[in-house]
1. Specify the residue that is farthest from the ligand (Cβ to nearest atom); the eligible residues are those in region 202-235 that are charged (D, E, K, R) and in contact (Cβ under 8 Å) with a residue 40 or more places away in the chain.
2. Taking Ala193 as the residue in question, decide whether it is modelled with pLDDT under 95, assigned by TED's automatic domain parsing to the domain that holds Arg305, surrounded by fewer than 19 Cβ atoms within 10 Å (Cβ to Cβ) and more than 15 Å from the ligand (Cβ to nearest atom).
3. I'd like to verify a number: residues in region 207-227 that are touching a Gly at 6+ places or on another chain (Cβ under 9 Å) and either part of a loop (DSSP other than H, G, I, E, B) or open to solvent by 20 Å² or more (accessible area, probe 1.4 Å) (or both), how many?
4. Quick check on region 285-342: of everything there that is among the charged types (D, E, K, R) and in contact (Cβ under 8 Å) with a residue 12 or more places away in the chain, which residue is farthest from Gly109 (Cα to Cα)?
5. Could you pull out the residue among Leu60, Leu103, Leu37 that is within 16 Å of the ligand (Cβ to nearest atom), among the aliphatic types (A, V, I, L, M), in contact with a strand residue (DSSP E or B) (Cβ under 9 Å, 6 or more places away or on another chain) and under 30 Å from Gly349 (Cα atoms)?
6. How about region 169-190: which of its residues are open to solvent by less than 50 Å² (accessible area, probe 1.4 Å) and either more than 16 Å from the ligand (Cβ to nearest atom) or over 21 Å from Leu238 (Cβ atoms) (or both)?
7. Check Ile344 against each of (1) assigned to a helix (DSSP H, G or I); (2) at positive phi and name the one condition it does not meet.
8. For region 115-128, check the following and say yes or no: at least one residue is away from the ligand (no atom under 16 Å from the Cβ) and among the small types (Gly, Ala, Ser).
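The values are calculated or read from the model by the stated rules, or taken from the named source; none is laboratory data. Treat the numbers as computed from the prediction; the structure is a model and nothing was measured. Reconstructed Cβ throughout: ideal geometry from the backbone, glycine too, with neighbour counts over all protein chains shown. The area values use the complete protein model at the heavy-atom level, side chains included, leaving out ligands, DNA and RNA. Shrake-Rupley method; radii C 1.70, N 1.55, O 1.52, S 1.80 Å.
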Amino acid sequence: MSPSDRHQSIAQDRQQREAFWMPFTANRQFKDDPRLLVAAEGVHYTTADGRQILDGQAGLWCVNAGHGRRRIVEAVQRQLSELDFAPTFNMGHPLPFELANRLVEITPGDLNYAFFTNSGSESVDTALKIAIGYHRARGEGSRQRLIGREKGYHGVNFGGASVGGIVGNRKQFGTLLPGVDHLPHTLNITANAFTRGLPAEGGAELAEALERLVGLHDASTIAAVIVEPVAGSAGVVLPPKGYLKRLREICDRHGILLIFDEVITGFGRLGTPFAADYFDVLPDIMTTAKGLTNGNIPMGAVFVRPHIYEAFMQGPEQFIELAHGYTYSGHPVAAAAALATLDIYAEEGLLTRGAALAPHLEEAVHGLRDLPNVIDVRNIGLVAGIELAPRPGEPGKRGFEIHRRCFEQGALVRYTGDIIALSPPLIINPTQIGELIDIVAEAIRETA
Ligand SMILES: Cc1ncc(COP(=O)(O)O)c(C=O)c1O
């Protein structure tokens, strides 16, 4: 059987779809009514039945340079045949060194050290462990508490799920990590519905909630605060103006580390290389993944500033300074994919291209505000969220129906509950943005 015959048999035979336990998916519903993608090029997918689908979500917030990039394909092929794998535990090969050097040229401020992982979830758990280890290395071992935020998404490992604030992602898994607290989320539809860009009001006051948590737990017990500068998975939640700056100030006042989870916002999504650039706020630690390799090979990276790295680089030189790492940290093939991705970003100016496209997306997406059931439209850079009133008694159903209709009509859009999130590849053009929004508009009308 050829690969394409095998694909067809999976597309046509329900039984062939049984064994794969799909992540974050209503398995039975999907397996009865699958939506299968078999190829991709540029800003389009091809479905198993040969239709072209405009990719409105950059794969899953990751294919920032678009699909089918030959340069990455060739770099991966070359690397696989030259050095398929080599360990990085007390051994090395040049690629992760080269990649770290390249990356710290573009990371904000002095986020000058890179620790490699294989995913966003691993980046987050790595960052949380580094934060706790940092304080311990400096003789402040009582600082173990971690603070996340309601509606936050930091992946699915135990640390990330614990600081995360999406109830549905937590409640199946017991008590999670002890010693975690959460800031309030920053979504206020009543006050800010249909705001273009960042909400103007309330930022400093919302950040002051951190002072309350410091008052409750005492700064001497708190290691770090982790936030997504823009929360993607909860349905595009934006920080009001001044919010992140105030968080930074409060962290500084109390010796608490600030971690930005830039797994979605990193690598050009907001029209700047990183969200820290956009907001002009420098975290102590920054987590990334996704766009690092254009989503082509799993890889993540955690960046830290010199004070963090140096706190560990003490004691006898033969000692391992951080008892943490993955078999595939700095994997040569992933690193080759990342290096090729960085070349593309640089040559095509993609890390700032979103700034030029953002006004087109803003204009188009806010044109949806008067459609039936639309209760909010939010946007920043090349990200937009359209929130719909839920069907009575059936939360999430309308979001799914719109996603489904869009797919039938030729666009892939992400839904979380009744929120549609758009995050197209950074190579999209204004005409294609218009096509995407037209398909979403039609789907919203049809499901009214
Ligand atoms: C902000 C953020 N952190 C972490 C993750 C987890 O990344 P991964 O799915 O690669 O583990 C995601 C994934 O969407 C994310 O959006």
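1. Among those that are charged (D, E, K, R) and in contact (Cβ under 8 Å) with a residue 40 or more places away in the chain, it is Glu208.
2. It is false that Ala193 is modelled with pLDDT under 95, assigned by TED's automatic domain parsing to the domain that holds Arg305, surrounded by fewer than 19 Cβ atoms within 10 Å (Cβ to Cβ) and more than 15 Å from the ligand (Cβ to nearest atom).
3. Final tally of qualifying residues: 3.
4. Among residues in region 285-342 that are among the charged types (D, E, K, R) and in contact (Cβ under 8 Å) with a residue 12 or more places away in the chain, the one farthest from Gly109 (Cα to Cα) is Lys290.
5. Every option except Leu60 fails the conditions.
6. Matches in region 169-190: Leu176, Gly179, Val180, Asp181, Pro184, Ile189.
7. For Ile344, the failing item is (2).
8. no
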